[in-house]
1. Looking at (1) touching a Ser or Thr at 6+ places or on another chain (Cβ under 6 Å); (2) open to solvent by less than 10 Å² (accessible area, probe 1.4 Å), which is the one condition that is false for residue 463?
2. Applying the selection to segment 133-151, what residues are of a type in the set (Gly, Ala, Ser) and buried (at least 23 other Cβ atoms within 10 Å of the Cβ)?
3. If you check every pair at least six apart or on different chains, which have Cβ atoms under 8 Å apart with a residue in segment 71-89 that is of a type in the set (Asp, Glu) first and a residue that is assigned to a strand (DSSP E or B) and at pLDDT 95 or above second?
4. Kindly evaluate residue 358 against the criterion of being at pLDDT 95 or above and closer than 21 Å to residue 297 by Cα.
5. Do any strands (runs of 3 or more DSSP E) entirely within segment 270-388 hold 2 or more residues that are at negative phi and open to solvent by 20 Å² or more (accessible area, probe 1.4 Å), and if so, which?
6. What's the total number of residues in segment 466-480 that are open to solvent by less than 10 Å² (accessible area, probe 1.4 Å) and farther than 14 Å from residue 377 by Cβ?
7. Any idea how many residues of segment 1-28 are within 28 Å of the chain's Cα centre (by Cα), over 12 Å from residue 170 (Cβ atoms) and among the aliphatic types (A, V, I, L, M)?
8. For segment 402-428, how many residues meet the condition of being open to solvent by 10 Å² or more (accessible area, probe 1.4 Å) and in a loop (DSSP other than H, G, I, E, B)?
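The values are calculated or read from the model by the stated rules, or taken from the named source; none is laboratory data. For clarity, every value in this text was computed on a predicted model and none was experimentally measured. Cβ coordinates were reconstructed from backbone atoms using ideal geometry, including for glycine residues, and neighbour counts include every protein chain displayed. The protein model used for the area step is the full one, side chains on, heavy atoms only, and it has no ligands, DNA or RNA in it. Shrake-Rupley method; radii C 1.70, N 1.55, O 1.52, S 1.80 Å.
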Amino acid sequence: MTTDAHYKTAEACLLAPHDLTPGKIADVFGELFGHRVDYADLYFQYARSEAWSLEEGIVKSGSFNIEQGVGVRAISGEKTAFAYSDEISAPALSTAAKATRAIAAAGGAGIAPALVRGSAPALYAAGDPILSLPDAEKVRLLERLEGYARAADSRVTQVMASVAGSWEVVLVARSDGRMAADVRPLVRVSLQVIMEEDGRREQGSAGGGGRYDYGYFTDALLKDYAEKAVHQAAVNLRAKPAPAGAMTVVLGAGWPGILLHEAIGHGLEGDFNRKGSSAFSGRIGERVAAKGVTVVDDGTIPNRRGSLSVDDEGNPTRRTVLIDDGVLVAYIQDSLNARLMGVAPTGNGRRESFAHLPIPRMTNTYMLNGDKDPQEIIASVKKGLYAANFGGGQVDITSGKFVFSAAEAYLIEDGKITTPVKGATLIGNGPDALTRVSMIGNDMALDPGVGTCGKDGQSVPVGVGQPTLRIDGLTVGGTG
C-alpha cells in the first residue's frame with residue numbers, strides 16, 4: 001500500500017472544496033519566485049480531534065475540535081519567512097505568498113514549477129478513528145477500564161481514565177515540483193489510579209496507543225493497562241525512601257528509553273548542531289558512546305505513534321542510524337538544516353500544525369539490542385538501583401545535563417531486585433552517560449505508544465525504546 005490513496009483523500013478534503021488545483025498552486029510558486037527565493041513550500045492541513053475522560057465513574061469531560069489551514073514558507077539563504085491562514089483559498093494563498101517573499105530581493109525568474117505527485121509506502125490505514133466507534137461505546141470503553149482497575153486491587157480508591165483520537169490530512173506542495181500527502185490516524189488511552197493503605201496514598205499510571213482506530217483497544221489490552229497501573233501504585237505503597245549518591249543503575253526496557261530521547265536524541269537534532277549549541281556539535285566520526293551502543297531514529301515502523309509515511313516537508317521518512325557501535329555517524333535533519341550543512345535530509349522535518357514552521361524532530365528513537373540476558377545484567381550488580389519506569393524529566397541541550405524521576409524503582413542487592421524505593425531521580429550528562437553503558441540487554445522493547453515531545457513550543461507524537469541497560473557511576477538523587 002502506498003500514499004497514492006492518501007493523496008486522493010487529501011485532494012478531496014483540502015483542494016476540491018476550495019476550488020484549488022495543482023495549476024493554481026503552481027501559480028503561487030510563480031508569485032513567490034518573482035523574488036530571489038531559494039525554496040518554498042505550502043503545507044495544507046485538516047485535523048479532527050476528540051478526547052473523553054472518566055473520573056469516579058462519571059464522564060468528566062468531552063471535547064471535539066476541527067481545524068484547517070495552510071502555511072506558506074519561503075527560504076532565501078539562511079533566512080526563512082512564514083505566513084499562515086486558516087482560510088484555504090487562492091486569494092489567501094496569494095496574500096501569504098506576497099508576505100513571505102518579502103525576505104528576498106525582487107527580480108527572480110517567476111517560473112511556476114510543474115507539480116508531480118510523489119509516493120511513499122503507507123505505514124497505517126487511512127480511516128478516521130473518531131468514526132470507528134459510537135460515542136456511547138467510547139464511554140463504555142472507559143467504564144470497562146475503570147472496572148478492571150478496581151477489580152485488580154481493593155485498595156484502589158480513585159480511577160481517572162481518558163481516551164483520545166485524531167484524524168489528520170496533510171498535503172505538501174514544494175517549489176522543487178514535488179507534491180506529497182499523508183492521512184494520519186492516532187489513538188491513545190491513559191489510566192491513572194490512586195491507592196490507599198494505612199493512611200498512605202500512592203498513584204500508578206499506564207496506557208498506550210498508536211496509528212490505529214479504537215478497535216486497537218481490546219479487553220485484553222485494557223486489562224493489561226489496568227494491571228500495570230495498579231501494580232505501579234501497589235509497589236509505591238510499600239516503597240522506602242530512595243538512597244542518594246553515585247551508583248550502578250539498571251534501566252528497564254521500553255519506556256525508560258525516554259531518557260535516551262531527552263538526554264541524547266535532542267542533542268542529535270540538526271538545528272542544534274548547525275548552530276554549534278549541542279554537546280554533540282562537530283563530532284561526526286568520533287566515539288561518543290561505549291562500544292555496542294547503536295542508536296537509531298526510525299519513522300517507518302508501521303502503526304507506531306511516532307511514525308509518518310512522509311514528514312511535514314513531504315519527504316518519505318526513513319531509518320537513520322545516529323550512533324553506530326558507539327561512533328556518531330549522523331544527525332536528525334529537516335530540509336533547511338540539511339541543505340545548510342551539506343547533507344541529505346533524513347525525513348525528520350516536523351511541525352505541530354499548519355501554523356508552525358517545520359523543524360528537525362525525532363520520530364521513534366531507540367537503542368538496538370545487545371547480547372546480555374536481562375537477568376545476567378541484574379545479577380552482575382552488587383549494589384545499585386533498578387529503574388523500571390520513568391516519570392518526567394528535562395535536559396539542557398548545550399551541556400547535555402539531565403534530571404529524570406523514576407516512577408517505579410527498586411534496590412539491587414547482591415545481584416537481586418529487592419526493596420522498592422520512592423523519590424529516586426537520575427542526574428547526569430547525556431554524552432557522559434553514553435560512555436558509562438557497560439552492559440546491553442537482548443530484550444529491546446518500544447514504549448506502548450504514549451510519548452509526546454515538546455520543542456520550540458511545538459508538541460508532536462513520538463516513540464522511544466531500548467533494551468535493559470547497565471550504566472555505571474550514575475548520580476542518584478534520593479530522599480533517604
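1. Failed condition: (1).
2. If the condition is that a residue be of a type in the set (Gly, Ala, Ser) and buried (at least 23 other Cβ atoms within 10 Å of the Cβ), then 149 is the only one that fits.
3. If the second residue must be assigned to a strand (DSSP E or B) and at pLDDT 95 or above, the pairs left are 86/67; 86/68; 86/69; 87/69.
4. yes
5. 319-324
6. Qualifying residue count, segment 466-480: 2.
7. Residues in segment 1-28 being within 28 Å of the chain's Cα centre (by Cα), over 12 Å from residue 170 (Cβ atoms) and among the aliphatic types (A, V, I, L, M): 2 in total.
8. 3
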